[in-house]
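Peer 1: After the C-alpha cells below, expect a handful of questions from me.
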Amino acid sequence: MAREQITLECTETKDRNYTTTKNKKTTPGRLELKKYSPRLRRHTVHREVK
C-alpha cells in the first residue's frame, strides 16, 4: 500500500496534535502543514514525525 499513517508535531510546542495519511510515492519528503495549535491558540507549522 502506498498510503502511510503519519503524525504531525507542532514546531513550537512539540505537541503531537494531528494524525493523517499521505502517499509515500508522490510525497517522499516530510510533510509540513499550517495547523491550529490548541495550546498557543493560533495556527503554527506542523511537521511529520515518525
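Peer 1: Enumerate the amide H contacts of Ser37 below 5 Å, restricted to partners 5 or more residues apart or on another chain; note that Pro and chain-start residues carry no placed amide H.
Peer 2: Under 5 Å from the amide H of Ser37 lie the amide H atoms of Arg42, His43, Thr44, each far enough along the sequence or on another chain.
Peer 1: Report the extension gain between Lys35 and Thr19 in nm, rounded to one decimal, defined as 0.36 nm multiplied by the number of residues separating them, less their alpha carbon distance.
Peer 2: On the way: separation 16, 0.36 × 16 = 5.76 nm, distance 1.14 nm.
Answer, rounded to one decimal: 4.6 nm.
Peer 1: Additional query: Counting only protein heavy atoms and a 1.4 Å probe, tell me what percentage of the chain's accessible area is made up of carbon and sulfur.
Peer 2: Ligands and nucleic acids excluded, carbon and sulfur give 47 percent.
Peer 1: Here's a follow-up. Can you tell me the dipole magnitude for the chain around its Cα centre, using point charges on the Cβ only (Lys, Arg +1; Asp, Glu -1), in Debye to the nearest 20? Write out the running numbers ahead of the final one.
Peer 2: Values: 14 positive and 6 negative charges, 12 e Å.
My answer is approximately 60 debye.
Peer 1: Going from the alpha-carbon gyration tensor of the chain, what semi-axes, largest first and in whole Å, does one get by taking the root of 5 times each eigenvalue? Can you show the working numbers first?
Peer 2: Working: eigenvalues 97, 17, 13 Å².
Semi-axes, largest first: 22, 9, 8 Å.
Peer 1: Sticking with this one: Suppose all protein chains stay in the model; what accessible area per residue would a 1.4 Å probe give for the chain, in Å²? Don't skip to the answer; put the middle values down first.
Peer 2: Working: 3820 Å² over 50 residues.
I get 76 Å² per residue for the chain.
The values are calculated or read from the model by the stated rules, or taken from the named source; none is laboratory data. The shown structure was predicted, so the numbers you read here are calculated from the model rather than taken from an experiment. In this analysis, Cβ positions are derived from the backbone assuming ideal geometry, glycine residues included, and neighbour counts consider all displayed protein chains. To get the accessible areas, we keep the full protein, side chains included, count just its heavy atoms, and leave off ligands, DNA and RNA. Shrake-Rupley method; radii C 1.70, N 1.55, O 1.52, S 1.80 Å.
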